Amino acid sequence: MSNVILFVKLLLKYVIRFILFIIEQVIVIFHLALVYLILNAEIEIPIVEDINIGKRIKISENHYVLKNNYLKKNEFGIWEMYIEGDPYERGLIYGELSKELIQRQEDIFVGQINDFVPSNFAQQFLRLFIGMFISDLPKNIPLENQQEIYGISKSFSSRYDYIASKYTRILNYHAAHDIGHALNDYSMVGCTSFALKDEMTADSNLMIGRNFDFYVGDEFANDKLLLFVNPTKGYSFASYSWAGFTGVASGLNEKGLSVTINASKSDLPTGAKMPISILAREILQYASTIDEAIAIAKKRHTFVSETLMIGSAIDKKAILIEKSPTKVGVYDSKQSKLVCSNHYQSSTFKKDKVNSANIKESDSKFRFNRVGELLADRTKFTPTRVLSILRDQYGFKNDTLGMGNPRAINQLIAHHSVIILPESYMFYVSTTNYQLGEFIGFDLKKTFKLKKGTITEKLKPSTFLLSSEYKQFKSFKATKKRISHYVILGKELTLTATEIKDFITNNQESYVTFEMLGKYYLKKKNYNAAHKMFTIAITKNVASLNIKMGLENLIKDCQNKKK
C-alpha cells in the first residue's frame, strides 16, 4: 500500500510540474506576443493637408529665414526662433529651420539613454514599459498639437528609425518629463518658483521667478531655444526650452498670462494621458485669465502629478493649479507672495498621504522654507533681487550645504531659469552656466509687433562664475560623473589618492562628496573605507529624510559586510 501511495504522490508531482510548465510556456508566449505588438506598433499620424513651405535661406552662420519665420543664435549664445501659421505649417517650418538642432538634441538624448541603459535587453524592457504608457498618447493630445509635432518630425534624422518612427519618437520625447516621473520611483529633480506683487515689488506689479531643474546633462542644455509662436488660433506666446519640443515648461503670452511647471507627488500613473507640458502649452495659447486657465486644466487628464503656477496681468496675481492623475486643486495664497517647490498646498491634497509623506521625506520643504526666509521682512523686489534668490545656494539661516545640494534653491543643474513680469510683458531668460550667467529680457509686445526677438534689458552674471569655488565645482562634477558611471554602469575606474583628496577638497561641505566616495569604495568591496565615507556624509546637511535613511542603510550594510 505504501508503494502505491508513493507512486501516486510521485505521479501527481510530475503532473503538477507538467501543468506548471505548460502554463509558464503560455505566459512566455503571451509576453513575447505583447512585446512584439508594442515594439512594432507605430502611432498613427494625424490627417494633414499637403503643404509646400519652401526651403530656408541661410543669412549667415547660425541664422536662417523662411518667409516671415527665422532661427538665429544671438550674441548671448541662445537660439531664437519665430514661427507663424497653421499647426502643420508651423511644424514644417520649425523643422526646416532647426533640423540640425533637432537632430543634435536627439543624439544627446539617445546617447544618455545608451549610457545609463547600456544593455540591449534592458533597453527592450524600457521600450516595453514606455510602450504600455504611451500607446494611447495621441488620444490625449489635441489634433492641433499632433499636426504641429508631425510637421517637426519630418526633419528628424533616420538614424534612430530602429527605435521607432520619427513621429512616434517625438511624441515620446514630449512625454519624457512624465515618463521620467514614472520610471524613477516617481522621484523628481526639484524645481523652485515664487511670485510677488503689491508691496513686494518695486512697481507693485506682478513678478515671477523660477528655476527649471530638469537635467539631461550639460550638453543637452547648451542649445537652449527661445520660441516665439504666432498661431492662427489663440494667443501669441514665448516659451523657453529646447529644439524639437513644442510643450511648455516656462512661458508668457501676449495677454500677460504666464505658465511654469513644478513636479509633485501624488497618485501613481496607470496609463497614457496628456503630457503636462502639452497642457501647459494649451493654457498658454488659449487662456488670458486665471479662470480660463483653471477651466482648461480641469477638462484635461494628465499623466503625472504636477503644479502649474499661473500668473496673470489681467488678474494681477498668481495662483497654483495642482493636478494629479485623479484630482485637481487650486491654491491662492491670498497674499502678496506665493511660493512653490514640489509639494501641494491646496485643501484638495491636505489629507493626501503621498503628499504628506513627500513634504516630510523629500527636499521640497527645505527649498520652500528657504525662499520664505529670503522673502521675509523684505519689500520692493526688482528683477535683480529676484535673481539673487534664484541663485542662492545656502540652507535655512544661511547654513552651508556645499555645492550642488538638492536642498538648495540653486542646485547648479538648472536647464534654465526665468523671471517674468506679466504686466510689462517682459520675459527674462538665463543664458549660460545654469542661472549664473547673464539674463536677457525680451519685450514681448515689441517682439510680436516686429516679428523679431527684441531685447530691452539685461541682468548681470553672478560673481560666483569667476570664483575659485566654481572652478572647483566643475572639477568636482567631472569626477562625480566618472564615479557615477563606475557605480551604476560598471565603467572601469580606479581613483588615485590625489584624485580622492582633490574630490573632497573641491566640495568638502557637501554630503554628496562622501556619499559618492562611499559608493565607490562599496563597489570596490573596501567596506571599512565605505563605512567611513557614509558616516561622514550623514553628518552633513543631507538633502532629505529619504537620503538620510538611505545613508543609514548603507552604513548598516557596510557593518554587516565587515563582519
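The numbers here are math on the coordinates, done by the rules we state, and not lab data. It should be emphasised that the depicted structure is a prediction, and the values quoted were computed from it without experimental measurement. Don't worry about glycine lacking a Cβ; one is built from the backbone with ideal geometry, like all the others, and counts go over all protein chains shown.
Overview of results
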| quantity | calculated |
| --- | --- |
| Contour excess over end-to-end distance, with Cα ends at Ser60 and Ser347 and 0.36 nm allotted per residue | 97.9 nm |
| Stokes-Einstein D (µm²/s) once Rh is taken as the Kirkwood radius of the stretch 469-562 over alpha-carbon pairs, at 25 °C in 0.890 mPa s | 184 |
| Out-of-range pairs (alpha-carbon distance over 22 Å; input Lys273/Lys299; Lys233/Lys299; Lys299/Lys446; Lys255/Lys317) | Lys299/Lys446 |
| Proximal aspartates and glutamates relative to Lys452, as straight alpha-carbon distance under 15 Å, when same-chain residues fewer than 8 apart are discounted | Glu75, Glu80, Glu84, Glu254, Asp443 |
| Inter-label distance for Ile488 and Ile500, nm, one decimal - labels placed 7 Å from Cα along Cα-to-Cβ | 2.3 |
| Residues of type aspartates and glutamates that Lys480 reaches as a straight line, Cα spacing below 17 Å, ignoring anything fewer than 8 places off in the same chain | Asp115, Asp218, Glu219, Glu469, Glu492, Glu499, Asp502, Glu509, Glu515 |
| Relative packing of peptides 225-238, 462-475 - highest average C-beta neighbours within 10 Å first | 225-238, 462-475 |
| Sites Met549 and Asn52 - FRET efficiency at Förster radius 45 Å, r taken between beta-carbons, to 0.05 | 0.15 |
| Span-like helix ranges in the chain, DSSP H, alpha carbon extent 30 angstrom or more, Kyte mean at least 0.5 | 2-40 |
| Given Lys73/Lys458; Lys316/Lys380; Lys334/Lys458; Lys360/Lys523; Lys265/Lys298, the pairs whose alpha carbons are separated by over 20 Å | Lys334/Lys458; Lys360/Lys523 |
| Ranked by how many other beta carbons lie within 10 Å on average, peptides 329-342, 244-257 from highest | 244-257, 329-342 |
| Label-to-label distance, nm, for residues given as Thr232 and Phe464 (7 Å Cα→Cβ offset) | 4.7 |
| Helical contribution to [θ] at 222 nm, DSSP H n ≥ 4, -39,500 (n - 2.57), averaged over the chain, rounded to 500 | -14000 deg cm²/dmol |
| Extension gain, Asn560 back to Lys154 (0.36 nm per residue minus Cα-Cα distance, nm) | 140.5 nm |
| Asp198 paired with His301, simple spin-label distance in nm, labels 7 Å along Cα-to-beta-carbon | 4.0 |
